[in-house]
Amino acid sequence: MPGRGRLPFVSTVVAAALFAGALAGAVPGDLPEDHRTLVKSTSFAGMEAFLGAVDGKGPVKVSVEGKTAGGRSLYLVHAARRPDAPFRVLFYAQQHGDEVSGKDALLYLIRDISRDPARLPEDVDLWIMPMVNPDGAEAGTRKNGAGADLNRDHVTLFHPETQALHRVARRLKPHLAVDSHEFGRDPSEWTKRGWEKWSDITMDGLNNPLFDAERIAAAERWVEESAAAEAAAGHRFLRYWVGGAPPDDEQRHSAIDADGGLNGIGAYGGLSFIIEAAVRHQAKDPSADLGKRVDAYLVLFRRFLGESRQRAGDLAVVERARKLPLPAFLPTDAIWVNPGGKVTDFPVVELATGKVVKVATANLMTEVAVKRSVPAPLGYAVDPGAAAAIGALLERHGLGFEKVSAPRAVAAETCTLLRVEEEFDDVYSRYGGRTIVKRAPARAWELPAGSLWIPLRGEDALRAALLLEPAAMYGLWQYPDFRALVAPDGTIPVRRVVEAAR
């Protein structure tokens, strides 16, 4: 699975100096030998130079997968000790340009493997995109150079950075993927109460309710078993969570939608995770503890690579998942809930004393509940007027479709977009962009020439359903570019075909 081309960068003088440094055991740019003493994140230029130095060292190979909106290279690192290594792993970081520690940890991981190939197990085929958002990284911003949050672009794939990441995922079909981020340990609503967040690092697994339960459970096992490894290294670990401060505000685990990397990459059938390390944004120097964040990340990265005891089981789970047909019903609305109002002792840190205090809360949502589902159709038909835009979307996702050359009789359901709710829903703690849709009974309908036909069969059926299901509460129509395709009477240009032509 080669990359798109070997590195075409770095001046001759710099490359020569870096090559000599690499042979002497260089680290990225001017980073310290010991990652735990790191106090400054690697810039794009520093990363680029480092990758030029380690390319070809040991099992490490570096290629360019694409370019950002600002013209910067999107680098892909591949390391494997044998060409038939069966366990494919994809690590990627810095989708948000101002969240740095995952990237720095990956550079140290690459350095260690280039120096000592034995640190990479023989059965692991490792791929790394260390900086998905170089433009944002250089600007110190969450968003990319076009002003977009890349971790909300995994449905539309409008941007070259997420397009490149998904090209890699389609070629690779990773058995395990990890998306790397950071969260604020000291938001003002916490510090006003005299608290900061307790955990040093958090992790969660894929959770969209369309995914099979066995794969979700396998990911949850990784999360549950990581606490002990982090504790042994001196780091505080919790399952990933977001939300306000306990006990009154709601907290929940990671988002269940498909527009983020966790579930967007998880849609390719493997185990998928999100990791976030804690940064003190209000500190005089937020980078003062960067080395600690990097160390906490490396504990998890190394565990993913080195924990071979459950490798066969994970491979079997993934292979079974990729052979499953779509379920009879597709979830269209789901939320995090706390069945029975379970009370959780939620740890916080008192700023005045440094003591850990456990706050009893019944507002930590721990399980995903499906509120509504619809029968799975045979496939989707796209009206001719929307064929160009949705065909381009399908091509960006690598999903096949047929362009209908002559009218075709089918039975199909039409959906009507009643409204899009842009405000935050305080009752259910749901983000804006909710598409409220009415589904009509199936009737005989003729697909006009120029329509697109997308059957739901094979391994790609799950991704097609996640992308196109018109009844989904967070569907395509939340995005203005696709909402513009909706007819004046609200008719959505994607029909649910329930009976094919005879």
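Some notes on this structure:
- Hz values of 3J(HN,Hα) by residue in region 341-354 - Karplus curve (6.51, -1.76, 1.60), Gly and Pro given as x: x, 4, 9, 10, 7, 9, x, 9, 10, 6, 5, 5, 10, x
- For HIS281, residues with placed amide H under 5 Å, excluding near neighbours: ARG185, ASP186
- Our summary gives region 371-439 a relative contact order of 21 percent, counting only alpha carbon pairs under 8 angstrom and 6 or more residues apart.
- Its alpha carbons give region 359-407 an Rg and a Dmax of 19.5, 65 Å.
- Stretchable slack from ARG36 to ALA360, in nm (0.36 nm times residue separation minus alpha-carbon distance): 113.2 nm
- Helix 44-54 axis versus longest C-alpha principal axis of the chain: approximately 70°, rounded to the nearest ten.
- Ligands, DNA and RNA left out, the 1.4 Å accessible surface of the chain is 53% carbon and sulfur atoms.
- Based on Cα atoms of region 313-401, Rg over Rh with Rh as the Kirkwood radius reads 1.21.
- Cα centroid of region 476-494 to Cα centroid of region 411-451, whole Å: 9
- Three-way shape call for region 23-177 based on the alpha-carbon gyration tensor, with the a/c threshold at 1.5: oblate
- Per residue, the chain exposes 40 Å² of solvent-accessible protein surface, assessed with a 1.4 angstrom probe and all protein chains in place.
- Considering the chain, its Cα convex hull presents a mean projected area of 24.3 nm².
- Estimated [θ] at 222 nm from DSSP helical runs (n ≥ 4, -39500 (n - 2.57)) normalised by residues in the chain, nearest 500: -8500 deg cm²/dmol
- Cα extents for region 185-262 along the principal axes, largest to smallest and rounded to whole angstrom: 42, 31, 21.
- The chain: angle of helix 12-23 to the longest principal axis, Cα-based, in degrees nearest 10: 70
- Counting every alpha-carbon pair across region 145-231, the share separated by more than 23 Å comes to 47%.
- For region 174-285, share of DSSP beta bridges that run antiparallel, in % to the nearest 5: 35
- Computed over region 215-336, Kirkwood Rh from alpha-carbon pairs, angstrom: 16.9
- Gyration tensor verdict on region 88-180 (Cα atoms; rounded if a/c is under 1.5, prolate if a/b is larger than b/c, oblate otherwise): oblate
- Full extension of the chain segment joining LEU418 with GLU307 gains 35.0 nm, where the gain is 0.36 nm per residue of separation less the Cα-Cα distance.
- In order along region 437-452, the phi-based Karplus estimate (6.51 cos²θ - 1.76 cosθ + 1.60, θ = phi - 60°) of 3J(HN,Hα) comes to 10, 10, 9, 8, x, 5, 8, 4, 8, 10, 5, x, 4, x, 5, 9 Hz; Gly and Pro are listed as x.
- Here the peptides 140-150, 175-185 are ranked by packing, the mean other Cβ count within 10 Å, and the order with the highest first is 175-185, 140-150.
- The amide H of ARG434, built 1.01 Å from its N in the peptide plane, has GLU421 as neighbours under 5 Å, considering only residues 5 or more places off or on other chains.
- Dipole-positive endmost among PRO209, TRP222, LEU290 within region 194-352 (Cβ charges, Cα centre): TRP222
- Largest-first ellipsoid semi-axes for region 291-441, taking √(5λ) over the Cα gyration tensor eigenvalues, angstrom: 42, 26, 17
- Our note on the geometry: Cα centres of region 373-392 and region 207-266, 32 Å apart.
- Computed Rg/Rh of region 382-502, alpha carbon atoms with Kirkwood Rh: 0.98
- For region 24-149, share of DSSP beta bridges that run antiparallel, in % to the nearest 5: 65
- For region 260-277, backbone phi angles converted through the Karplus equation (6.51, -1.76, 1.60; θ = phi - 60°) give residue-by-residue couplings of x, x, 3, 8, x, 7, x, 5, 7, x, x, 6, 9, 9, 10, 10, 9, 9 Hz, Gly and Pro being listed as x.
- Interchain or long-range residues, amide H under 5 Å from SER272's placed H: ALA177, LEU206
- Counting only Cα atoms, the size of region 107-152 along its three principal axes is 41, 19, 10 Å, in decreasing order.
- Taking the DSSP beta bridges with both ends in the chain, the antiparallel portion is around 70 percent.
- Crossing angle, helix 384-396 versus the chain [Cα axis fit, 0-90 degrees, rounded to tens]: 30
- The equivalent ellipsoid of region 285-340 has semi-axes of 34, 23, 11 Å, largest first, where each one is the square root of 5 times an eigenvalue of the Cα gyration tensor.
The values are calculated or read from the model by the stated rules, or taken from the named source; none is laboratory data. The model shown is predicted, which means the values in this text are computed figures rather than measured ones. Every residue, glycine as well, gets a Cβ built from its backbone with ideal geometry; the counts of neighbours run over all protein chains shown. Heavy atoms of the whole protein, side chains included, go into the accessibility calculation; ligands, DNA and RNA do not. Shrake-Rupley method; radii C 1.70, N 1.55, O 1.52, S 1.80 Å.
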